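Undergrad: Take this structure, written in structure tokens, and hold onto it; I'll ask about it next.
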Amino acid sequence: MSREIPVIFNPVAGRGRLLARRPRLDRRAAELGVTLRWLGTERPGHATLLARECVERDGPLVLAYGGDGTYNEAAQGLLGSSTSLGMLPGGTSSVLAHELEVPRPAEEALEPLLAGEDRLMAVGRTDHDQLFLMMVSSGPDAVVLERLSPGLKLRGGKAGIAAQAVVELARGRLPRITVVDGEWRETGGWVIVGNIQCYGGPFRATPGADPFGEFLEVVIQRSVGRAAAVPFFFAIPLGRHLRRRDVVRRTVRRVRLEPAPGQERVPYQLDGDPAGHLPVEVWVAPERLRVRVPRRAPGASR
């Protein structure tokens, strides 16, 4: 009999492409001698419950097929257990899959993950009882995500997010955020607290972050407003944002983000989804998440 691997998936992630690609994954799995047991999510938080059920069955590996929201929910059910989480890219960006160098499309990722290695990944927590795998940020990106309708994100994907960004930049009202680390304080218009390097795709916004380390990297753009945000955003894919004179970076274990004086209801986002309003305190959690990653060549970094 072939080995059975559970796959937690979001049927609407990637604008419905997951269901269309499912037969290809089943065929590839059969070629590799395994059977995929499909577990579709039906509501927010369902992936966490499905992952916990997999832990109770003592399965060694659970695959999450979808976007970063699906990975986050599944991780909440697996955190601290001996069951590994493997990420199959299928969402709008699937940023964490970029970070862990998982091949695309998803059927090309099956063999490297099944033959891969398990590593203990650091995760972040907030004082709002939230878990994050990738980042917490506040600034123009959080404003866009807070005001983006779920329907536009579902139908338009990255194009929908870009359209909302144009609207928000045209309004020109962008927040100011204060970052506090002990006695150190800094105020700016965009703050990214990274547990991983990648942001918005394969782009390394916080290149000093290490998902298998013990610290978070904070990148702060001191300047505020549309004229500052646009060039900062376009500098990230080119790897030039840290060269800007108005950008500072800092390594932390714990940090607090607050609305700057005079600011109200400043949003923040977590792993690509709107998560609430400042203040929020974030830190590296003591628990670790066991993740399945493609096996690295001898001598490879990270």
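Undergrad: Restricting to the range 183-204, count the residues that are assigned to a loop (DSSP other than H, G, I, E, B) and within 27 Å of Gly262 (Cβ to Cβ).
TA: 2
Undergrad: Yes or no: Arg250 out of contact with any helix residue (DSSP H, G or I) (no Cβ under 9 Å at 6 or more places or on another chain) and within 19 Å of Pro207 (Cβ to Cβ)?
TA: yes
Residue by residue, here is whether (1) surrounded by fewer than 17 Cβ atoms within 10 Å (Cβ to Cβ); (2) more than 22 Å from Leu100 (Cα to Cα); (3) more than 20 Å from the chain's Cα centre (by Cα) holds:
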position: Arg37; (1), (2), (3): yes, yes, yes
position: Arg43; (1), (2), (3): yes, yes, no
position: Gly69; (1), (2), (3): no, no, no
position: Asn72; (1), (2), (3): no, no, no
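Undergrad: Would you check which residues across the range 60-112 are among the polar types (S, T, N, Q) and within 23 Å of Arg125 (Cα to Cα) and list them?
TA: Matches in the range 60-112: Thr70, Asn72, Gln76, Ser81, Ser82, Thr83, Ser84, Ser93, Ser94.
Undergrad: With (1) at pLDDT 95 or above; (2) more than 24 Å from Arg292 (Cβ to Cβ); (3) under 16 Å from the mean Cα position of the chain (by Cα) as the list, and Met121 as the residue in question, which single condition is left unmet?
TA: (2)
Undergrad: Return the residue satisfying two criteria in turn: it lies in the range 117-152 and is small (Gly, Ala, Ser) and not assigned by TED's automatic domain parsing to the domain that holds Pro267, and of such residues it is surrounded by the most Cβ atoms within 10 Å (Cβ to Cβ).
TA: Step by step, filter the range 117-152, then rank; the result is Gly124.
Undergrad: While we're on this one: Assigned to a strand (DSSP E or B), out of contact with any Asp or Glu (no Cβ under 6 Å at 6 or more places or on another chain), more than 23 Å from Phe212 (Cβ to Cβ) and without any contact (Cβ under 8 Å) to a residue 60 or more places away in the chain - does that describe any residue in the range 18-33?
TA: No, the range 18-33 contains no residue that is assigned to a strand (DSSP E or B), out of contact with any Asp or Glu (no Cβ under 6 Å at 6 or more places or on another chain), more than 23 Å from Phe212 (Cβ to Cβ) and without any contact (Cβ under 8 Å) to a residue 60 or more places away in the chain.
Condition check ((1) in contact with a Ser or Thr (Cβ under 6 Å, 6 or more places away or on another chain); (2) at negative phi; (3) free of Cβ contacts under 8 Å to residues at least 60 places away in the same chain; (4) charged (D, E, K, R)) across all residues:
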position	(1), (2), (3), (4)
Leu216	no, yes, no, no
Gly225	no, no, yes, no
Ala228	no, yes, yes, no
His241	no, yes, yes, no
Arg245	no, yes, yes, yes
Ala260	yes, yes, no, no
Arg296	no, yes, no, yes
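Undergrad: Right, next: Report the residue count in the range 115-133 for those that are closer than 15 Å to Gly272 by Cα and outside any strand (DSSP E or B).
TA: 2
Undergrad: Here's something else I'd like to know. Just to be sure, is Gly213 touching a strand residue (DSSP E or B) at 6+ places or on another chain (Cβ under 9 Å) and part of a loop (DSSP other than H, G, I, E, B)?
TA: yes
Undergrad: Select from the range 4-17 the residues that are in a strand (DSSP E or B) and in contact (Cβ under 8 Å) with a residue 40 or more places away in the chain and list them in ascending order.
TA: Ile5, Pro6, Val7, Ile8, Phe9
The values are calculated or read from the model by the stated rules, or taken from the named source; none is laboratory data. Everything numeric here is computed off the predicted structure, so don't read it as measured data. Quick reminder, even Gly has a Cβ in these numbers, built from the backbone with ideal geometry, and neighbours come from all protein chains shown.
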